[in-house]
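Visitor: Provided herewith is a single structure, encoded as structure tokens, for subsequent inquiry.
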Amino acid sequence: MNNYRIALLPGDGIGTEVMEAAWPVLQTLAKQHNFGLEGAWLPWSCDHYQRHGCMMPADGVEQLKAFDAIYLGAVGLPAQVPDHISLRDLLLAIRQGLDLSVNARPHRLLAGVPGPLRSTEPFDILCIRENTEGEYSGAGGRVHQGGDLEVAVETSIFTRAGVERVLRHGFEQARKRSGRLASVTKSNAQRHSMVFWDEMTDRVAADYPNVKVTRYHVDAIAARMITAPQTLDVIVASNLFGDILTDIGAAIQGGLGFAASANINPAGGVPGMFEPVHGSAPDIMGKGLANPLATLWAGALMLEHLRENAAAADLMTAIETVTATGAGTPDMGGSLSTGELAEKVRTVLGN
Ligand code: GGG
């Protein structure tokens, strides 16, 4: 029997609520599919920062390497810790520290979820976001801080290895799916980094003659995701472009309560991190209003990554069996609490 050790990082705000709701559902699946899931709850969060002066221990990334996967809720409580500290010192530190270079985010409408678009044509987008460099590299600084001469520099870093590996992952996914790949650029304005991105796209494309590549400027694909999402399949984008586009992806699939993500290192050897795309939503925390489906979907991505494919498929079927009935949390127009909606999914799975 396979036994997996999972690092559970509920984080802040509604992160705690969605994780506490989702974890029992995954444990039910483990029992049904005869594998072990041993969770270790790690209290790394803004609360940890207030108590200890850091979001996680200095050897936090090293500790995570002992696990098979990381399941994360949400990060950030801006009233207590500035967002640029909480995000960079926990979420981004884990992504960069474990070299989780790919952030894969699926966008499609679950059964019964109407979505906000007028068109009812089904869409199924997989956005592959570069996850360790680009605009989120953290390179830069401030000089003359607080003075009249103050200057802030934030430098985007695009390395050949970093761009190539995320593009290659995108092409691999496109090859397995429809054979279509959209490469997101802005090379008319960003004449260094994005021209380089385009050149790398052409170079990697040469190894995938059966994948049809379309190059879109980021503004054009943002509009297309709303006006004609059915024309898109695999999208590959830089860190910031991918972050923004996947919020559009979340919006067209019904909201941030549905959007899931997998942070992975395609080379293997380290645990992947699986999380809902949404943040900690301090305005609704502690009220049982948070939608647990993004976290459950992220759980399915984690099970798939652990090669527990049957369990992952059962979870997605159970989620859609519930959404098809119209049951949901208030963001879905329903009246269920976070825990009640997750429990409904668990009930569909049975004992
Ligand atoms: N679910 C993790 C979380 O709190 N995400 C919020 C966020 O701001 N994420 C930024 C990012 O994905 O780069």
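The values are calculated or read from the model by the stated rules, or taken from the named source; none is laboratory data. Since the model is a prediction, treat every value here as computed from it, not as a measurement. Methodologically, a virtual Cβ is constructed for each residue, glycine included, from the backbone with ideal geometry; neighbour enumeration extends over all protein chains shown. Side chains included, ligands, DNA and RNA excluded: accessible areas come from the protein's heavy atoms. Shrake-Rupley method; radii C 1.70, N 1.55, O 1.52, S 1.80 Å.
Visitor: Within the range 102-113, track down each residue that is open to solvent by 10 Å² or more (accessible area, probe 1.4 Å) and either more than 13 Å from the ligand (Cβ to nearest atom) or in a loop (DSSP other than H, G, I, E, B) (or both). Before the answer, list the steps.
Guide: Within the range 102-113, the first condition is being open to solvent by 10 Å² or more (accessible area, probe 1.4 Å), and the residues that meet it are 104, 106, 108-109, 111-113.
Correct list: P106, R108, L109, A111, G112, V113.
Visitor: On to the next question. Spot the failing condition for K176; the list is (1) in contact with a helix residue (DSSP H, G or I) (Cβ under 8 Å, 6 or more places away or on another chain); (2) loosely packed, with under 13 Cβ neighbours inside 10 Å; (3) of a type in the set (D, E, K, R), and only one is missed.
Guide: Condition (1) is where K176 drops out.
Visitor: Suppose the filter is within 16 Å of the ligand (Cβ to nearest atom), of a type in the set (A, V, I, L, M) and not assigned by TED's automatic domain parsing to the domain that holds A318; does I128 pass it?
Guide: Spelling it out, I128 is indeed within 16 Å of the ligand (Cβ to nearest atom), of a type in the set (A, V, I, L, M) and not assigned by TED's automatic domain parsing to the domain that holds A318.
Visitor: Looking only at the range 76-92, filter to residues that are of a type in the set (A, V, I, L, M) and more than 16 Å from the chain's Cα centre (by Cα); which one of those is nearest to the ligand (Cβ to nearest atom)?
Guide: In this case the residue turns out to be L77.
Visitor: Can you tell me how many residues in the range 176-191 are in contact (Cβ under 8 Å) with a residue 40 or more places away in the chain, in a strand (DSSP E or B) and polar (S, T, N, Q)?
Guide: Result for the range 176-191: 1.
Visitor: So, D99, is that one of a type in the set (D, E), within 13 Å of the ligand (Cβ to nearest atom) and either assigned by TED's automatic domain parsing to the domain that holds D47 or open to solvent by less than 40 Å² (accessible area, probe 1.4 Å) (or both) or not?
Guide: Considered against the rule, which asks whether it is of a type in the set (D, E), within 13 Å of the ligand (Cβ to nearest atom) and either assigned by TED's automatic domain parsing to the domain that holds D47 or open to solvent by less than 40 Å² (accessible area, probe 1.4 Å) (or both), D99 comes out as no.
Visitor: Okay, next question. Here are some conditions: (1) within 16 Å of the ligand (Cβ to nearest atom); (2) within 25 Å of H217 (Cβ to Cβ). P116 meets all but one. Which one does it not meet?
Guide: Among (1) within 16 Å of the ligand (Cβ to nearest atom); (2) within 25 Å of H217 (Cβ to Cβ), P116 violates only (1).
Conditions tested, residue by residue: (1) modelled with pLDDT of 95 or more; (2) closer than 27 Å to L98 by Cα; (3) within 21 Å of the chain's Cα centre (by Cα).
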residue	(1), (2), (3)
D148	yes, no, no
V166	yes, yes, yes
H169	yes, yes, yes
R175	yes, yes, no
L181	yes, yes, yes
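Visitor: Still on this model: What do you reckon, is M285 within 14 Å of the ligand (Cβ to nearest atom), crowded, with 22+ Cβ neighbours inside 10 Å and not assigned by TED's automatic domain parsing to the domain that holds D124?
Guide: On the way: within 14 Å of the ligand (Cβ to nearest atom): yes; crowded, with 22+ Cβ neighbours inside 10 Å: no; not assigned by TED's automatic domain parsing to the domain that holds D124: yes.
So M285 fails the test.
Visitor: Taking the residues in the range 63-92 that are open to solvent by 30 Å² or more (accessible area, probe 1.4 Å) and not in a loop (DSSP other than H, G, I, E, B) as candidates, determine which candidate is farthest from M225 (Cα to Cα).
Guide: Taking the candidates together, the pick is Q63.
Visitor: Another question, then. Search the range 1-53 for residues being in a loop (DSSP other than H, G, I, E, B) and within 16 Å of the ligand (Cβ to nearest atom), and hand back the single one that is surrounded by the fewest Cβ atoms within 10 Å (Cβ to Cβ). Walk me through it before giving the result.
Guide: Filtering the range 1-53 for residues in a loop (DSSP other than H, G, I, E, B) gives 1-2, 12-13, 33-35, 42-45, 53.
Subsequent filtering for residues that are within 16 Å of the ligand (Cβ to nearest atom) retains 12-13, 42-45.
Numbers: D12: 28, G13: 26, L42: 20, P43: 14, W44: 26, S45: 28.
Only one residue fits best here, namely P43.
Visitor: From I248, I264, which residue is in contact (Cβ under 8 Å) with a residue 24 or more places away in the chain, surrounded by 14 or more Cβ atoms within 10 Å (Cβ to Cβ), β-branched (V, I, T) and out of contact with any strand residue (DSSP E or B) (no Cβ under 7 Å at 6 or more places or on another chain)?
Guide: Values: I264 fails: out of contact with any strand residue (DSSP E or B) (no Cβ under 7 Å at 6 or more places or on another chain).
Criteria check complete, one pass: I248.
Visitor: Sort out for me the strands (runs of 3 or more DSSP E) sitting completely within the range 211-311 that have 1 or more residues that are modelled with pLDDT of 95 or more and among the aromatic types (F, W, Y).
Guide: 212-217, 272-276
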